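Throughout, read-outs are computed from the coordinates displayed, never taken from laboratory work. Given the structure is predicted, the values throughout are model-derived calculations rather than measurements. Because the Cβ atoms are built from the backbone with ideal geometry, glycine has one as well, and the counts that use them run over all protein chains shown.
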Amino acid sequence: MKRFPSPSDPSRLLEVGPAVDCHQHLWPQALVEALRTRSRGPRLSGWTLHLDGEPTYEVDPAAHDLTARRAVDVADDVDLALLSLSSPLGIETLAPDDAQPLLDAWHSLADDLQRGDVEGYGVWAAASVVEPDLEGLATLLRHPRVHGLQVPATALATPAALERLAPVLAVVEAADLPVLVHPGPAAPTDGDVPSWWPALTSYTAQLTAAWFAWHVAGRRLLPTLRIAFVGLAGLAPLHHERLAQRGGHLGAIDQLVHYETSSYGTRAIDAVVRVVGIDPVVHGSDRPYAAPTDPGLGDAFSRALFVTNPAHLLNGAPR
């Protein structure tokens, strides 16, 4: 990618701010081992991932090596990368007894980072959406390496679903931290499909539905929550003209909703900016499943994308 240069003088980070990748994936060893103990999806057989709604996937072990990841991020001038549990695994939607060991294994990464004093990484927490532990979530959000909560888009698929999830989101709102909406488990397919099929069909549809559910019910329920939708919310804002034709209305731009860019480039990012403006767009790479990109829309835009806008998402600075 076109690198966004960090200041050579570390003291200037306070002036310029860190360059942030809001969305990466890296599995701690505890999660790998826990997935290998399972007899049904999500499960790992060696390094082969089995999910109920997707083709099998051969995981590259090197992609989940923290030392190797840091070398790549440093080369790309990423000062802070936020690591996310892969919601398509479906862990958050498992029965609680199945989910909890996997969630505990995921959150061990935050402890590992803190114990090892590993710089440059934070973690998105995850929570069961079947039987949420609200007190446990509140405690987890106070961990110094936890920067917010990731939720699967399938848990926000309708306004009614969002209302059911609202108590979980309210815990994050009370902690003054953001929520990251990530695709959840893919819908099963009939017969063989290309490996990219879920990412271009089920994932984008989930994000679009979640964005519209938020548009209808979210801000009314959670007036101060900062929320970001990965993958530019499945390009949902571009449907504003169709929304109007069908009797809806986009209304004023929600100042606390952000759009993460992973897997999209110049044309899609430019199109979304024409609807929602520059300020809500934040950089995310989805590493190791996609490569980071700079859309090449100018130095001022790059600074907003990599530095200023992520700071607003994470820290609540006014836009």
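Residue separation times 0.36 nm, minus the C-alpha to C-alpha distance between residue 244 and residue 114: what's the value?
Here the segment from residue 244 to residue 114 would lengthen by 42.0 nm.
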> In terms of modelled amide H atoms, which long-range or inter-chain residues lie less than 5 Å from the amide H of residue 53?
Replying inline: 186
> Which distance in nm do the two modelled labels at residue 190 and residue 267 give, with both placed 7 Å along the Cα-to-Cβ direction?
Replying inline: 3.0 nm
> In the chain, what % of DSSP beta bridges are antiparallel (nearest 5)?
Replying inline: 20 percent
>> At 222 nm, what value in deg cm²/dmol follows for the chain if DSSP H runs of at least 4 each add -39500 (n - 2.57) and the sum is divided by all its residues, to the nearest 500?
In response: -10000 deg cm²/dmol
> What are the principal axis extents of the Cα atoms in the range 177-225, in Å, biggest first?
Replying inline: 43, 21, 13
> residue 220 to residue 303: extension gain in nm, 0.36 nm per residue of separation minus the Cα-Cα distance?
Replying inline: 26.7 nm
> Which order results if 36, 70 are arranged by neighbouring Cβ count within 10 Å, fewest first?
Replying inline: 36, 70
>> Just want the ordering: 113, 31, from fewest to most Cβ atoms lying within 10 Å of their own Cβ.
In response: 113, 31
> Which of the trypsin sites (Lys or Arg not before Pro) found in the range 93-200 are in a DSSP loop and have at most 14 neighbouring Cβ atoms, other than their own, within 10 Å?
Replying inline: 142
>> Quick check: pseudo-label points 7 Å beyond the Cα along Cα→Cβ at residue 291 and residue 38, how many nm apart are they?
In response: 3.1 nm
>> Under 5 Å between amide hydrogens, which residues at least 5 positions from residue 229 or on another chain qualify, with H placed 1.01 Å from N in the peptide plane?
In response: 181, 258, 259, 260
> How big is D for the chain, in µm² s⁻¹ as a whole number, if Stokes-Einstein is applied with the Kirkwood radius of its Cα pairs at 37 °C and 0.692 mPa s?
Replying inline: 166 µm²/s
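Can you give the Kirkwood hydrodynamic radius of the range 225-319 from its Cα pairs, in Å with one decimal?
13.7 Å
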> Using just the C-alpha positions of the range 44-110 as equal point scatterers, what log10 of I(q)/I(0) does the Debye formula give at each q in 0.16, 0.23 1/Å?
Replying inline: -0.73, -1.17
> What order do you get for 229, 212, 301 when you list them from fewest to most C-beta neighbours inside 10 Å?
Replying inline: 301, 212, 229
> How big is the Kirkwood radius of the range 117-234, worked out from every pair of different alpha carbons and given in Å to one decimal?
Replying inline: 15.0 Å
> Just for the Cα atoms in the range 130-172, what are the lengths along the principal axes, largest first, rounded to whole Å?
Replying inline: 33, 17, 15
